[in-house]
């Protein structure tokens, strides 16, 4: 009888403790967690050519998109079912968060200019060719409120994928072209930064950059707001035919190159 009572007591105790023990066991990762890790896989990119630069947490970068509705055909097709080079939602601004995350991974603080200028222009009836003038006050205010080391205006070029894609070690990258406006007296400082970033990117992925484009004269803006900061560069990130994977790889290289440029200053 005593043995039976002991058995029943032990059974009740086990039943009582079982849920508590389950809580203490390490939980198995769900499938959704695995999917999220795969989606963020581009974050762990690092070139295998050179050692990653040391953290430079005192450095700050300002990112913005003057032509915020520029889009990539493979991305609009995949996400919206239509091929488009301009889109209200599936556009270049979606690279902003990815750029921020990559800069953070290399110890660089990156802010996004808090305005979608094309939406503002649409509401106010401002024509597209006045985009640089429309975004200028927002840049001036932000640069007055906080000090930045580099300002990047991210664009998508209008040329096709055969001119904006490079394959290195079996991996495809969207090519980058830096654009400098020469219609202001200090443009050479912007140009020197473009050369420095080109060198850093090429040392990691040969062929990833195109020639630096210097613009001025009749029919072009000639400044691109680069007169507001000596470390201001316009970045043509890929072209209309580049896909998300190619862009993600290049985003990582840009962040790594910028971080490295701070280290070698």
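Just a few scattered comments:
- Residue within the range 137-148 that is assigned to a loop (DSSP other than H, G, I, E, B) and either closer than 24 Å to residue 246 by Cα or within 18 Å of the chain's Cα centre (by Cα) (or both) present: yes
- You will find that of 193, 197, 228, the residue that is crowded, with 19+ Cβ neighbours inside 10 Å and touching a helix residue (DSSP H, G or I) at 6+ places or on another chain (Cβ under 7 Å) is 197 and no other.
Okay, residues lined up against (1) under 28 Å from residue 253 (Cβ atoms); (2) at pLDDT 95 or above; (3) assigned to a loop (DSSP other than H, G, I, E, B):
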position: 21; (1), (2), (3): no, no, no
position: 38; (1), (2), (3): yes, no, no
position: 43; (1), (2), (3): yes, no, no
position: 51; (1), (2), (3): yes, no, yes
position: 75; (1), (2), (3): yes, yes, no
position: 120; (1), (2), (3): no, yes, no
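- Scanning the range 59-87 for residues that are without any contact (Cβ under 8 Å) to a residue 24 or more places away in the chain and out of contact with any helix residue (DSSP H, G or I) (no Cβ under 7 Å at 6 or more places or on another chain) gives 76, 77, 79, 80, 81, 86.
- Residue that is assigned to a loop (DSSP other than H, G, I, E, B) and under 15 Å from the mean Cα position of the chain (by Cα), where the choices are 242, 211: 242
- Taking the range 177-190 as the range and being within 20 Å of the chain's Cα centre (by Cα) and either free of Cβ contacts under 8 Å to residues at least 24 places away in the same chain or surrounded by fewer than 23 Cβ atoms within 10 Å (Cβ to Cβ) (or both) as the test, the residues that pass are 177, 179.
- Here the condition is being within 22 Å of residue 231 (Cβ to Cβ) and surrounded by fewer than 17 Cβ atoms within 10 Å (Cβ to Cβ); of 101, 95, 77, 63, it holds for 101 alone.
The values are calculated or read from the model by the stated rules, or taken from the named source; none is laboratory data. Not measured: the values here are computed from a predicted model. Note that we place each Cβ from the backbone using ideal geometry, even for glycine, and neighbour counts take in every protein chain shown.
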